[in-house]
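Report on one structure; see the data block that follows.
The values are calculated or read from the model by the stated rules, or taken from the named source; none is laboratory data. Just so it is clear, the model here is predicted, and its values are computed rather than measured. So basically every Cβ, Gly included, is an ideal-geometry build from the backbone, and we count neighbours across all protein chains shown. Just so you know, the surface numbers come from the protein's heavy atoms only, side chains and all, with ligands and any DNA or RNA stripped out. Shrake-Rupley method; radii C 1.70, N 1.55, O 1.52, S 1.80 Å.
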Amino acid sequence: MNSRNSSSPRPVDPHAVITRKRLMFIILIAAVYGALGGSRHALAYSIMGTPWAGAPGITETVDEIMARERAAPLQPAEPRLGWRTLTGPRPSEQSPLALPDVPQTPPALPEETSSVTPASPQTLSTNFLGATLSGVNPTNSFPPDTMGAAGPTQFLVGVNGRIVTFNKTSGTTDSVLNTSMDNFFASVKSSSGGTFTSDPRVRYDRLSGRWIVIIIDVPGGTGAGPNRVLLATSSTGTISGGTLWTFYYFQQDQPSPPGDTGLFADYPTLGVDVNALYIGVNQFNSSNNFVNTTAFVVRKSSILSGGPIVVTAFRGLIDGNSNGLYTPQGVDNYDLNATQGYFIGVDFRFLGVLDVRRVSDPGGTPSLSSNLTVGVPSTDYPYNVPHLGNTGGSNGELSAIDDRLFAAHIRNGRLWTAHNINVNSSGVATSTRDRNGSRWYELQNLDSTPSVAQSGTVWDSTASARSYWIPSVMVSGQGHVAMGFSSAGASDRINAGTVGRLAGDPSGTMQSLVLYTASTTAYNPSSDPGSSGGRRWGDYSYTSLDPSDDMTMWTIQEFCNATNSYGVQVVKLLAPPPATPASVNITTVLSGIASVSLTLTGITASGSGFYDPGAGFTNHITATVSGVKVNSVTYVNPTTVMLDISTVGATPGSKDVTITNPDGQAATGTGLFTVSATVATATATQTPTNTATGTPTATPTATQTATSTPTATATQTHTPTSTPTSTATATATPSPTPVSMVIPPSGGTITETAGTTITLAFPAGAVAQPVTITVGLTTSTVISTNFSFLAQPFAIEAVDANGVPVTNFALPFTLTVRYRDEDIGILNEADLKLYYYDGATAGWVELATSVVDVVNNLLTAVLDHLTVYAAQAPLYRTYVPALMR
């Protein structure tokens, strides 16, 4: 939803009743603020909210919704102009907190074709049309309010006039849900005649495994207010005919504290985290004049359990001096441990500044912080966008709305957001009509004083002055960034574009952009002739992160799909591929070993890297080795993974290793190691103790006579297989007897199995001369006491050929500990780490390389010397194994 034009002066909240005591307080704040030079640190306060309970939810299945659609489709007779409420003139003063503009290099422009391979980190993959004005999946609305998100198996497009599900793999409709938004929300929208819905927002909430859709209604189709905010939550992550949707609503002026009486709540934003939904709105009166902004915090547990819905309102976010959040944007956050929520917006009074408001106790009794102002490089209001083929003059140009933020999310404690601004050919904000660029931000220090970690602008530096506008930005678990937007210019058709950056790219930069549509037609729809505010476009877009792998991103953007028609186009953006497997730390592995730990190193290029999203995701990193069983794969970093393999029954010879990232992309290393035809033995230096014959046989035979050796006999009491141990392998059932192996300079692996499995893997060059490693009970002075690994006591020691203890190695080696679930006891498994004992401080120190894989029950660490080690859960200070490396 956009906004209606208004030429009213800068608004002041008519509902703000300033008592004498409150006025004196404001004056005091202003005096202190001025004395501190306008510092953002001047004062901090918070507003305590009052939760309000509304009505319980109303449930319907998808099949029931679709049956109503077939019986009486709720579609307007002709395309409908959505509600439009613009603020009118706003101040154009740059904030004193604004940061200096930093010159940047704009991206090179590709040809206008969707077949171009982008130089940005993301490669275009599945690419499909989600909805159109009046053709495929018709919206019958101006503008579409472009919105949609990826789920576990589907992409859900939710725009004005249409909600429809697509198969995520094929990009085709799956015939499950395809109806008008008015029909979808029929159970909760206002009952007055002519009421329609507008301004949808869609999220797949990975934390709850539910879909969340919100929208507002326009009672009677007049916008005279007060209107409702409508919400829907699904019962399943994959939407089917039997999926239950639970619908809720609240009238915007009812949640406590009641207020904004009779106003119309426009342009709802949405943020979702583990505790709450964060919905911001702009408020307008019956004369279509902007009044103020409001933030609603919806208790998430209330809408996941059938209700009643619980809402807390924070009203009048813009103060009497016109300072405060304009179009407050709710902020998404995937952190399961989040305790605070956020709203962010541009400041109503000043350009070059953003305002952040923190929400404490969002899932209980929320409170809202004061404005936390963040100076950013200078900004300016965007202008309406010219486009090739426009016949409507200035009225036919495309609306860029204003400088409001279009979406926001938090990743790893950093907040990312974007908006469009007017810039010149150097990418610097200007008040002179030139071109629109897409500005993005990464903010840091959210828990204290927020500030800009980096920011950048995507713009066209050429004379053609192409505009990029209505942007949305997303960052993956790998730290790579993707942004989507619309693109057009006086010499350019209207298309959808995307651009990205790698986690390690220089601060503030993006790589080359690509247009992923290829429009050849002009846009002059008769149902939207335009006005001084331009033709309707946007009013927003969304770039989402795939909840299955935490690395694939999707963006949905508007473009001109046919003459006088628009479409919303969805494209899947693939992350860079895995690193290319290049080497493992052991080049020769003996056959017959049940568990061998290998450290695999990869080579990266153009952002490639290994990745695993961790717990809570369905897809994980995997590995295959030709002719060898892979027990487990443990992600360490983008260039390192740990493989636990079994060579029992493996075919001898050179082995290829393929690593497949969670998104299905794979990379193969050829001939990384060799499986030897020789079967591993428990003690490489052992020799048979039977001297009766040169080669003991399995059983005595008739040919064994007294002439073979003086001690040999032909009786059945001679059993030479009872004493030789050279055929006992490391996979045999363990006993208290230590397991030893000589590690030569060429490297090797030793494994001890006793309920748990301890594996030491030494690369070539770790030792200059053979070293005997012993795993089990030991009397070495290196360990004065036997330590316990969960339920199984053991120790490890190393000596050279002269029996001298060895504690240091030339190259790092790998320790892998496989434990059982029954060994965990009261410990917090996720907190398990490997520690070493520091004799100088008589304390335990965590190994920086320690990694726990709770899925495969593995603890790994990369080591380079011997001392005492223990696995412990730091929160409980409970020591589990003790190791000697």
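Miscellaneous remarks
- Between Ser394 and Ser431, residue separation times 0.36 nm minus the direct Cα-Cα distance comes to 11.5 nm.
- Take the Cβ atoms of Ser526 and Ile58, set R0 to 30 Å, and the FRET efficiency comes out at 0.20.
- Per residue, the range 121-226 exposes 24 Å² of accessible surface when a 1.4 Å probe is rolled over the protein heavy atoms with every protein chain present.
- Rolling a 1.4 Å probe over the heavy atoms of the protein chains gives the range 443-556 an accessible area of 22 Å² per residue.
- Over all projection directions, the Cα-based convex hull of the range 434-495 averages an area of 5.5 nm².
- Each Cα pair under 8 Å and six or more residues apart adds its sequence gap; the mean of these over the residue count of the range 518-661 is a relative contact order of 21 percent.
- Computed in the context of the full set of protein chains, the accessible area of the range 132-225 at 1.4 Å probe radius has 47% of its extent on carbon or sulfur.
- Cross-link reach list, lysines versus Lys189, counting only Cα pairs under 29 Å and skipping chain neighbours closer than eight places: Lys300
- For Val648 and Ser170, a Förster radius of 51 Å and the Cβ-Cβ distance give a FRET efficiency of 0.80, rounded to the nearest 0.05.
- Estimated FRET transfer efficiency (Thr622, Ala463; beta-carbon r; R0 56 Å; 0.05): 0.65
- Contour minus Cα-Cα distance for Thr153 and Arg820 (0.36 nm per residue): 236.8 nm
- Residues of type aspartates and glutamates that Lys655 reaches as a straight line, Cα spacing below 16 Å, ignoring anything fewer than 8 places off in the same chain: Asp644
- Among 369-376, 483-490, sorting by the average number of other beta carbon atoms lying within 10 angstrom of each residue, highest first, gives 483-490, 369-376.
- Considering only alpha-carbon pairs that sit under 8 angstrom and 6 or more positions apart, the relative contact order computed for the range 577-642 is 36 percent.
- Accessible area per residue for the range 575-668, computed on protein heavy atoms with a 1.4 Å probe, is 35 Å².
- Mean Cα-pair separation over length for the range 224-269, i.e. relative contact order, pairs under 8 Å, 6 or more apart, %: 46
- Excluding same-chain neighbours fewer than eight residues apart, the aspartates and glutamates reachable from Lys572 by a Cα-Cα span under 14 Å are Asp546, Asp549, Asp550, Asp663.
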